[in-house]
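A short write-up of the structure that comes next.
Bear in mind these aren't lab numbers, they're just calculated from the coordinates by the rules spelled out. These figures come from a predicted structure and were not determined experimentally. Cβ placement follows ideal geometry from the backbone for every residue including glycine, while neighbour counts extend to all protein chains displayed.
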Amino acid sequence: MSGDLRARNHPAWWAFVVHRLSGLALAAFLPLHFWALGQALQGEAALDAFLRWTEQPLVKASEWGIVVLLAAHAAGGLRLLALELLPWRDWQKSLLALAAGVTLAAGLALALAL
Amino acid sequence: MSPRGEVALWIAQRASAAVLALCVLVHIAVMVYAVQGGLSAGEILGRTRGSAGWAAFYAVFVAAVAAHAPIGLRAIAIEWLGWRGRSLGVALHLFAALLLVLGLRAVWAVFA
Amino acid sequence: MAMLQVDVWRGREDGRYQRFEVPREESQTVLDVVTYIQRHLEPALAYRFACRVGMCGSCAMTVNGVARWTCRTHIARVARDDRLEIGPLANLPVIRDLATDMREFFDKWARAKGQFAPTATRKDAPARVPPGSRSRATANAGIECIGCGVCYASCDVVAWNRDYLGPAALNRAWTLVNDVRDGARVERLRAVSGDAGCHSCHTHMSCAERCPKQLSPTASIAGLKRAAALALLKGEL
């Protein structure tokens, strides 16, 4: 990207950036996630050891971040499915606001639970 | 890639996306519920072990992810890394296999 | 009299901006500014225009980083602090200064099979196409394109993937896919679903955002994706 944001500073473009970067982050995270869960094969103690490691504040914060990225990617993806598969209508612009709202809600819900 | 190949990839990406939309919704809801009051291996495994229904759900989840993620990475590789052709295809298939193997292993570990 | 400080691109891809001072007028377009520079300050400045009234699309350039028709861009809207930056359209080879080589733009039009393939002869009666029919309304929504290149210059995927057919070519292909008289539907769907075709569109919507005729190539490209998918599932592709 040449870095010139002047022509790119509009909602749908930012939606793309969020979607692509969140997807990239998730793709990087998933092998780790699967590996960690697979530790249960070594018995409860192995999984517990890993879970204790995740209690560190930085890790907890990253976990929350990953879930927000997941919610963002999923909401953005549903928006894309609507744009690609449904007949084109003007209200589709507000799909972006809807997706952002859903993401925020998910993030808040998890923040409260954690 | 040929038109047939490109269209097939597009269909696979959107179809897996639809499956994942449902899986992710359920997964996030379950996780928000499950993390209440802290996480421990005993707690998790006590709930999950022996649950054939949830095992099936997560196996489908893993399969959909193994299809969806590599196709997404393909676009990034082509557009941002200038990577194309056979070597990219091989790398993506390997990544898909990695996700499938590690994912199903995790499903087995948690639900069996 | 207020003066505009105008940075104009000189040279080819490896050129630089040259600053000119231009009198600011009451009602003035960017094209007026460029024309003033060429007539009074720098006769060697290369630029394109034709109708100067927003009908031909020849005067498209990059103004303050954004692709626009310069004849339809009033200085009052873009010259903050009396400053302007004018460059050639992005994503195209630069011939000189503000003039770009549009050949690849139109070559991709052809590669996307943007030509009508007739099925009737002069001996047949004219085709009867109800203007309100869904396919005709869909086609009409995209046919006002005059090939100005603004969408092509605004598209990131064109910048990242030089083979990408681009919004204008794909938009034109979609209008023809919806033309009931056309006889090359399947070939056209094959032409647009190749390696750097409609599936490379990631719905950035910069094309729709910038199109001076308010067209939405994104919508057309989404239509092509659906049509190609249906064609594959029906065994036509």
message: Going 7 Å from the Cα of A:W14 along its beta-carbon direction, which residues of segment C:192-213 have the amide nitrogen within less than 19 Å of the resulting point?
response: C:203-210
message: Using only the alpha-carbon atoms of segment A:1-87 as identical scatterers, what base-10 log of I(q)/I(0) does the Debye formula give at q = 0.15, 0.18, 0.24 Å⁻¹?
response: -0.73, -0.89, -1.17
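Between A:A25 and A:D4, what FRET efficiency follows from the Cβ-Cβ distance if R0 is 22 Å, with the result rounded to 0.05? Walk me through the numbers before you get to the answer.
Numbers: r = 25 Å, r/R0 = 1.12.
For R0 = 22 Å, the calculated efficiency reads 0.35.
Kindly give Rg over Rh for segment C:111-237, based on alpha-carbon atoms, with the Kirkwood expression for the hydrodynamic radius. Each step should come with its number before you reach the end.
Working: Rg = 14.6 Å, Rh = 15.0 Å.
For segment C:111-237, the value is 0.98.
If you count, for every residue in C:186-198, the Cβ atoms of partner chains within 10 Å of its Cβ, what is the mean?
3
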Debye intensity ratio I(q)/I(0), log10, chain C, q values 0.12, 0.15, 0.17 Å⁻¹ (C-alpha model): -0.72, -0.98, -1.15
- request: Within segment A:7-91, list the GluC sites (Glu not before Pro) lying in a DSSP loop whose Cβ has at most 15 other Cβ atoms in a 10 Å radius.
  value: A:E55
message: Let's see if you can work this out: charge +1 on each Lys and Arg Cβ, -1 on each Asp and Glu Cβ, no other charges. What is the dipole magnitude of the protein assembly as shown about its Cα centre, in debye to the nearest 20?
response: 1320
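Note down the Stokes-Einstein diffusion coefficient of segment C:50-127 in µm²/s, whole number, using a Kirkwood radius over alpha carbon pairs, 4 °C, and 1.567 mPa s. Present the calculation step by step, with values, prior to reporting the outcome.
Values: Rh = 15.5 Å.
So the translational diffusion coefficient is about 84 µm²/s.
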- request: Provide the FRET efficiency to the nearest 0.05 for the B:W83-C:E26 pair, computing r from the beta carbons and using R0 = 60 Å.
  value: 0.65
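Given the rule -39500 (n - 2.57) for each run of at least 4 DSSP H residues, summed and divided by the residues of the protein assembly as shown, what is its mean residue ellipticity at 222 nm, to the nearest 500 deg cm²/dmol? It would help to have the intermediate numbers written out before the result.
On the way: 18 runs with 260 residues, N = 463.
Mean residue ellipticity, 222 nm, calculated: -18000 deg cm²/dmol.
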Chain C: relative contact order as a whole-number percent, Cα under 8 Å and 6+ apart: 17
- request: Ignore the peptide's own chain and count Cβ atoms of other chains within 10 Å of each Cβ in A:12-18; give me the average, rounded.
  value: 4
- prompt: So what are the ³J(HN,Hα) numbers for segment B:47-64, from phi and the Karplus equation (6.51, -1.76, 1.60; θ = phi - 60°), rounded to whole Hz, Gly and Pro as x?
  reply: 7, 9, 4, x, 8, 5, x, 5, 4, 5, 4, 6, 5, 5, 4, 4, 4, 5
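Which percent of the Cα-Cα distances in segment B:1-71 go past 20 Å? Walk me through the intermediate numbers first.
Numbers: 1103 of 2485 pairs.
Everything past 20 Å amounts to 44 percent.
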- request: Kindly write out, for segment C:87-95 in residue order, the coupling ³J(HN,Hα) from the Karplus curve 6.51 cos²θ - 1.76 cosθ + 1.60 (θ = phi - 60°), rounded to whole Hz, with x marking Gly and Pro.
  value: x, x, 4, 6, 6, 10, x, 8, 6
- line: Under the 7 Å Cα-to-Cβ spin-label approximation, C:K234 and C:T121 lie apart by a distance in nanometres of 2.8
task: Please find the FRET efficiency linking B:A91 to A:Q42, where r is the Cβ-Cβ separation and R0 is fixed at 41 Å, and quote it to the nearest 0.05.
output: 0.90
field: Sequence-distant residues sharing a close amide H with C:R52 (under 5 Å, placed H)
entry: none
task: Round to a whole angstrom and tell me the spacing of the C-alpha centers of segment C:1-62 and segment A:55-99.
output: 43
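Compute, for chain B, the length of the dipole vector about the Cα centre, with Cβ point charges of +1 (Lys, Arg) and -1 (Asp, Glu) only. Units Debye, rounded to 20.
220
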query: Which whole-angstrom value gives the distance between the alpha carbon centres of segment B:55-112 and segment C:173-192?
result: 35
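D for the protein assembly as shown, whole µm²/s, Stokes-Einstein with Kirkwood Rh over alpha-carbon pairs at 37 °C and 0.692 mPa s: what number?
On the way: Rh = 25.1 Å.
Estimated via Stokes-Einstein, D reaches 131 µm²/s.
So for segment C:110-237, if I pair up every lysine 8 or more residues apart or on another chain, how many of those pairs have alpha-carbons under 30 Å apart?
Working: C:K113/C:K123; C:K113/C:K213; C:K113/C:K225; C:K113/C:K234; C:K213/C:K225; C:K225/C:K234.
So the count works out to 6.
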